[in-house]
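Reading through the structure tokens given below for one structure.
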Amino acid sequence: MHSLEKVDISMWADYEFSDAQMEIFGEHFQSLEDVIDFYNTWKRLSIKAAAFCVAAVEPGNPIAQKLAMEWEEMLQKVTDGNPKHQEAFLAVDNSRSTWNPAEKELIEKAEPFLEEAIRFYHQTERK
């Protein structure tokens, strides 16, 4: 992750969000501070996930499960479980080709670990 130092919220100022996304995101992010808090949480959790992957931490390990829980809490906080709000965030996620290359690299390193840890989290949550 050579480009980690280039993971920077300022790159999102030029991102072209749709009108629908802007409306939805405006419901959750009342201030610039809210946006920065979300971004920093996303970044912190993504870095942890990428590091856990490199360190071969098992997805069922308690620290991985804490990460999965924090990721789910972050998503719940910004979507309220509303499918339309989830779709708005997924649309941004699905357009990674337009992301800052450093952020794209970060999430691509983090995602496989996150998927496994979250899958394990949901399996144990139901028990």
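Observations on the model:
- Loop GluC sites (Glu not before Pro), the range 1-96, which have at most 13 other Cβ atoms in a 10 Å radius of their Cβ (DSSP): 16
- Each residue of the range 68-84 was assigned a 3J(HN,Hα) from its phi angle through the Karplus expression (A = 6.51, B = -1.76, C = 1.60, θ = phi - 60°), giving 4, 5, 5, 5, 5, 5, 4, 5, 4, 4, 8, 10, 6, x, 6, x, 5 Hz with x at Gly and Pro.
- If you wrap the range 6-54 in the convex hull of its Cα atoms and look at it from every side, the mean projected area works out to 4.2 nm².
- Gyration tensor over the Cα atoms of the chain: the corresponding equivalent ellipsoid has semi-axes (square roots of 5 times the eigenvalues, largest first) of 24, 19, 12 Å.
- Heavy atoms of residue 109 accessible to a 1.4 Å probe, total area in Å² rounded to 10: 90
- Probe 1.4 Å - accessible area at residue 35, Å² to nearest ten: 50
- Accessible-area value, residue 74, 1.4 Å probe, nucleic acids and ligands omitted, Å²: 10
- Sorted peptide list for 80-86, 62-68, criterion being average Cβ within 10 angstrom, highest first: 62-68, 80-86
- Three principal axis extents of the range 69-118 based on alpha-carbon atoms, in descending order, are 29, 24, 13 Å.
The values are calculated or read from the model by the stated rules, or taken from the named source; none is laboratory data. The structure presented is a predicted model; accordingly, all values stated were derived computationally and were not measured. Cβ coordinates were reconstructed from backbone atoms using ideal geometry, including for glycine residues, and neighbour counts include every protein chain displayed. For accessibility, only protein heavy atoms count, side chains too; no ligands or nucleic acids. Shrake-Rupley method; radii C 1.70, N 1.55, O 1.52, S 1.80 Å.
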